[in-house]
Amino acid sequence: MAGVAGGNDFQWCFSQVKGAIDEDVAEADIISTVEFNYSGDLLATGDKGGRVVIFQHEQESKNRPHLRGEYNVYSTFQSHEPEFDYLKSLEIEEKINKIRWLPQQNAAHFLLSTNDKTIKLWKISERDKRADGYNLKDEDGRLRDPFRITSLRVPVLMPMDLMVEASPRRIFANAHTYHINSISVNSDHETYLSADDLRINLWHLEITDRSFNIVDIKPANMEELTEVITAAECHPHQCNVFVYSSSKGTIRLCDMRAAALCDRHSKFFEEPEDPSSRSFFSEIISSISDVKFSHSGRYMMTRDYLSVKVWDLNMENRPVETYQVHEYLRSKLCSLYENDCIFDKFECCWNGSDSAIMTGSYNNFFRMFDRNTRRDITLEASRESSKPRATLKPRKVSTGGKRKKDEISVDSLDFNKKILHTAWHPKDNVIAVAATNNLYIFQDKIN
């Protein structure tokens, strides 16, 4: 079957894989977030060891036009370190939960990265010149005796090897009691929001010592707690609008013009539950793990355990599209509950034109859905198909009965190999897929 990318028939092919091949994967090397910048020229990953690795797109040359999906390491830096909260006797992991790029304003790039408690604004800049010919310093940097200086020199800028520097410009700390699960840059490019399990804060990028609490769902008595915030995002065009999703499968849209504290939502999106399919696991699998606005701002997409739903912001009572990601797992929920996989938080993403969506599954499978043709495809991120330009073969899962030759049985899926984090290039058909400690990059095959 042809690839999915908004109506065009093409095939996805392997471009690159980053990361070690070792069977024994160090916990610190597991990728925890993947994000393209606004132009798609840079691709950032964060891992459980608190590191951020930025890849830069290689410029195409006439001799090698197939390099569209080739990215090489641009900068690596330690964003967060493990900490200890002595008041609560809690270890704070260094794991990077989210990375969000800011739109580029000048030669430097800026991104926000967060662990469970602290958000940092990083500046990534290049240096390829150095000042030479100081009056008060020798070549080796030692200060000269002012009495020995008999003439003034004009320092000049000399070329040097390119250096990429990452420096923390702002540190936004001490504003979240619970673990931060989302950060989202506002369309005014001056503010951003951060969400934890019970609260959402609004920050100004220049002000680190205070933020405004705009949502607080913490009950007076914690025994009355029935739901938590799972994800939040700002609208891509209207700086006063944001949404947040809950563990009960609902989404609330809020307007900051209505009140300073947005405890009363403007819109409430919820699909009525089918009483006939209710089970012990219903509430767990309906919890939303990710919410993303479309680039146009007209739709939003939510991911729960078994499906992806697309909502029209003008219709609150049900989604306009529902895509089953791995419906064959419904009969396996009991064992998935026992091994804790049922609590995995899968993310989802739109392509640049909002015509296709992508999300991950188990066994290193990931799914794509074409919104125009309603076709879908299952592909696999594996080193077996990692020859340059190798076409990805569609995978199928058999749910019982006779298994066809190319199908894989639902009982032989590897639930330790899961694709939680994916990203789609904002303009091209280039995708980044995080599989444990490896980052796969795929592109459409140009014949």
For this session: Could you please find all residues in region 362-387 being in a loop (DSSP other than H, G, I, E, B), open to solvent by 60 Å² or more (accessible area, probe 1.4 Å) and over 14 Å from GLN11 (Cα atoms)?
Result: ASN372, THR373, ARG374, LYS387
For this session: Would you check if there is a residue in region 393-402 being open to solvent by 100 Å² or more (accessible area, probe 1.4 Å), outside any loop (DSSP other than H, G, I, E, B) and free of Cβ contacts under 8 Å to residues at least 12 places away in the same chain?
Result: no
For this session: Report yes if some residue within region 413-430 is over 22 Å from THR322 (Cβ atoms) and without any contact (Cβ under 8 Å) to a residue 40 or more places away in the chain; otherwise report no.
Result: yes
Problem set entry | Among (1) under 24 Å from ALA259 (Cβ atoms); (2) open to solvent by less than 80 Å² (accessible area, probe 1.4 Å); (3) touching a residue at least 12 places away in the same chain (Cβ under 8 Å) - the single one PRO219 does not satisfy | (3)
Problem set entry | region 290-316, residues that are touching a strand residue (DSSP E or B) at 6+ places or on another chain (Cβ under 8 Å) and assigned to a loop (DSSP other than H, G, I, E, B) | SER294, HIS295, ARG298, LEU306, LEU313, GLU316
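If a residue counts only when it is among the charged types (D, E, K, R) and under 20 Å from LEU43 (Cβ atoms), which strands (runs of 3 or more DSSP E) contained entirely in region 86-136 have at least 2 such residues?
98-101, 119-132
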Problem set entry | Any pair with Cβ under 7 angstrom, 6 or more apart, that starts in region 20-43 at a residue that is closer than 11 Å to ARG100 by Cα and ends at one that is polar (S, T, N, Q) and modelled with pLDDT under 95 | TYR38/GLN104
For this session: Enumerate the pairs (first residue in region 120-141 and modelled with pLDDT under 80 and small (Gly, Ala, Ser); second residue anywhere and open to solvent by 60 Å² or more (accessible area, probe 1.4 Å) and not in a strand (DSSP E or B)) with beta-carbon separation below 6 Å, excluding pairs fewer than 6 apart on the same chain, so at least 6 apart or on different chains.
Result: GLY133/ARG153; GLY133/PRO155
Exercise. Which ones in region 313-343 are of a type in the set (A, V, I, L, M, F, W, C), closer than 30 Å to PHE242 by Cβ and open to solvent by 70 Å² or more (accessible area, probe 1.4 Å)?
Worked result: PHE343
Exercise. Looking only at residues in region 293-335 that are modelled with pLDDT of 95 or more and of a type in the set (Phe, Trp, Tyr), which one is nearest to TRP424 (Cα to Cα)?
Worked result: PHE293
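Pick out, from region 166-215, the strands (runs of 3 or more DSSP E) lying fully within it that include 1 or more residues that are within 25 Å of PHE293 (Cα to Cα), of a type in the set (Phe, Trp, Tyr) and open to solvent by less than 30 Å² (accessible area, probe 1.4 Å).
Fully inside region 166-215 and qualifying: 191-195, 199-204.
Which one is nearest to ASP414 (Cα to Cα) among residues in region 344-358 that are in a loop (DSSP other than H, G, I, E, B) and open to solvent by less than 50 Å² (accessible area, probe 1.4 Å)?
ASP344
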Exercise. When you go through LYS396, LYS405, LYS417 one by one, which is the residue that is touching a Phe, Trp or Tyr at 6+ places or on another chain (Cβ under 7 Å) and of a type outside the set (A, V, I, L, M, F, W, C)?
Worked result: LYS417
For this session: Scan region 267-274 and give yes if some residue there is without any contact (Cβ under 8 Å) to a residue 12 or more places away in the chain and over 23 Å from ILE419 (Cβ atoms), otherwise no.
Result: yes
Problem set entry | Subset of region 86-112 [farther than 23 Å from THR230 by Cα, open to solvent by 30 Å² or more (accessible area, probe 1.4 Å), within 30 Å of the chain's Cα centre (by Cα) and among the hydrophobic types (A, V, I, L, M, F, W, C)] | ALA107, PHE110
For this session: State whether the residues of region 178-197 include one that is β-branched (Val, Ile, Thr), modelled with pLDDT under 95 and touching a strand residue (DSSP E or B) at 6+ places or on another chain (Cβ under 8 Å).
Result: no
Problem set entry | Any pair with Cβ under 7 angstrom, 6 or more apart, that starts in region 95-111 at a residue that is in contact (Cβ under 8 Å) with a residue 24 or more places away in the chain and ends at one that is among the basic types (Lys, Arg) | LYS95/LYS48; PHE110/LYS123; LEU111/ARG100
Problem set entry | Breaking point among (1) open to solvent by 30 Å² or more (accessible area, probe 1.4 Å); (2) at negative phi; (3) not β-branched (Val, Ile, Thr), for ASN115 | (1)
Seminar exercise, completed: Picking from SER151, SER125, SER182, SER194, the residue that is of a type in the set (S, T, N, Q), farther than 30 Å from ASN240 by Cα and in contact with a Ser or Thr (Cβ under 8 Å, 6 or more places away or on another chain) would be SER125
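The values are calculated or read from the model by the stated rules, or taken from the named source; none is laboratory data. Because the structure is predicted, anything quoted here is derived from the model rather than measured. With ideal geometry, Cβ positions are generated from the backbone for all residues, glycine too; neighbour counts draw on all protein chains shown. We work out accessible area using only protein heavy atoms, side chains counted, and drop any ligands, DNA or RNA first. Shrake-Rupley method; radii C 1.70, N 1.55, O 1.52, S 1.80 Å.
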